[in-house]
Amino acid sequence: MSGLPRRLVLGIGGGIAAYKACELVRRLKERDVDVRVVMTAGAEHFLGAATLQALSGQPVRTSLWDASAEAAMSHIELARWADAILVAPASANVLARLAHGFADDLLTTLSLAASDRPLWLAPAMNRLMWAHPATQANVELLRARGAHVLGPASGEQACGEVGEGRMLEPEAIIAALSIFEAPQMLAGRRVLVSAGPTHEDLDPVRFLGNRSSGRMGFALAEAAAGMGAEVTLVAGPVALATPAGVDRIDVRSARQMHAAMLEHAPGMDVVIGAAAVADYRPEQRQTRKIKKQDDRFTVTLVRNPDILLDLAALSPRPYLAGFAAETEALEDNAQLKLQAKGLDLIAANLVGEGLGIETQDNAFSVFWRGGSTVLPRAPKTDLAVSLLRIVAGQLAAKGGRGT
Ligand code: C5P
């Protein structure tokens, strides 16, 4: 289950980021979301309605006064039809009109008529327009009324400037939307997640590492925050942006990750070990760059501490979830790890064949004491929500801290 709204009105505001709306529609459709596009007059300067019509498979609405479209589904009916409204990009103008209750075009009128539906906004504009007190006040007003504001991100802007105001990428918007069916399931919970690989240094320039991208752990941190949790993310060396509202601690080696996780675990309700922690590290880290000498070069490796195993010894002990990436005997190995590491839940996946490490998608067999389920192949962002729903359900069932 993706957790996304089944019926979504996508409002597109006027801005260069409107081109990303095409990709957004395509990816939403891939996940079986029924999308009805509403464009503002500004959006029509950037995109043709025909493109979005082809991508969404539905007529695109641009005007309150389009007689034939209104006859098919009036703005009131469209508002009733929608499970949620997403405005992406939300320009400064759209934000201002939404904040002040204008009803001077189809999108704003529809948003008023759908005010009992969740409203998601993905702002996009020049950095100074975003930083302007008027825009900030409008955003605060919308937030205070319950709108979910996604981003914006920082970086290079279409106008050539660098700063805050870029629209989030379609996948990030979908990840945020995917908590639609699991809102606030983790409200009041404190969640600690580890993510990414660890790098075990051989000398000042070389290390032993692995191919973990960190995507699963980051998706879990983002989804947990979206579901209302207070989230701390301990990240190995990865090139990923920190999800909104998440406290991030960067580490490099397994021992640093071990120290950070043990420091932050007390008081947590849930700890999820999604990091691919190196089992071994070089016995010695050379202070100078190792020179090539003989044909053979031997490095002695020593065991790293097992983070989850040590966390299982805490008292009180948080709810502990781990991962098992296996190349064979998935269920047997997962069950063994569940017992050996003293976990409450383990998500096991086969690695290789385009699944698992380094990929966008994954699939899990999930085991806990007395139960199991299969989460079929899906983007990691969707799997994160599905896993956290299981965790939230088990936490609620057993009571415990945070309830
Ligand atoms: O034993 P294995 O490495 O397959 O177990 C994987 C699970 O254990 C993951 O959840 C990983 O984050 C965690 N782990 C750990 N400390 C280690 C190695 C793995 O917490 N040293």
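For the chain, what proportion of DSSP beta bridges, expressed in % and rounded to the nearest 5, is antiparallel?
Values: 21 of 64 bridges.
Expressed as a percentage, antiparallel bridges in the chain total about 35.
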Nitroxide proxy distance, nm - points 7 Å out along Cα→Cβ at Gln339 and Val205: 4.8 nm
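With n ≥ 4 as the cut-off for DSSP H runs, can you work out [θ] at 222 nm for the chain, using -39500 (n - 2.57) per run divided by the number of residues, rounded to the nearest 500? Intermediate results must be reported in sequence, preceding the final value.
On the way: 14 runs with 133 residues, N = 403.
After summing the helix terms and dividing by residue count, I get -9500 deg cm²/dmol.
Given an 8 Å cut-off on Cα distances and at least 6 residues of separation, report the relative contact order of the range 219-348 as a percent.
20 percent
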Residue of Asp250, Asp34, Asp332 that the Gaussian network model of the chain assigns the largest fluctuation, springs spanning Cα pairs under 10 Å: Asp332
Label-point gap, in nm, between Ala244 and Leu112 - each point 7 angstrom along Cα→Cβ: 2.5 nm
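By how many nm would the segment from Arg26 to Glu161 lengthen if fully extended, with 0.36 nm per residue of separation less the alpha-carbon distance? Intermediate values should be presented prior to the final figure.
Numbers: separation 135, 0.36 × 135 = 48.60 nm, distance 2.87 nm.
Answer, rounded to one decimal: 45.7 nm.
Let me have the relative contact order for the chain, percent, based on Cα pairs under 8 Å that are six or more residues apart.
After rounding, I find 13 percent.
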Taking the range 276-345 and dividing mean pair separation by its residue count, relative contact order in percent (alpha carbons under 8 Å, at least six apart): 29 percent
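Multiplying the sequence separation of Met73 and Asp332 by 0.36 nm and subtracting their Cα-Cα distance, what value in nm do you get? Present the calculation step by step, with values, prior to reporting the outcome.
On the way: separation 259, 0.36 × 259 = 93.24 nm, distance 5.42 nm.
Difference between extended and current length: 87.8 nm.
By Kyte-Doolittle mean hydropathy of at least -0.5 and Cα axial length of at least 20 Å, which whole DSSP H helices of the chain are selected?
Numbers: long enough: 380-398 (27 Å, 0.74).
Helices passing the filter in the chain: 380-398.
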Listed residue (Pro152, Gly245, Ala276) projecting farthest to the positive dipole end of the chain, Cβ model: Ala276
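Leaving out ligands and nucleic acids, note down the accessible area per residue over the range 203-357 with a 1.4 angstrom probe, in whole Å². The partial results should precede the final answer.
Details: 8280 Å² over 155 residues.
Each residue of the range 203-357 exposes 53 Å² on average to a 1.4 Å probe.
The values are calculated or read from the model by the stated rules, or taken from the named source; none is laboratory data. Keep in mind it's a predicted model, so treat the numbers as computed, not measured. Counting neighbours? That spans all protein chains shown, and the Cβs are built from the backbone with ideal geometry, glycine included. These area figures cover heavy atoms from the full protein model, side chains too; ligands, DNA and RNA do not enter into them. Shrake-Rupley method; radii C 1.70, N 1.55, O 1.52, S 1.80 Å.
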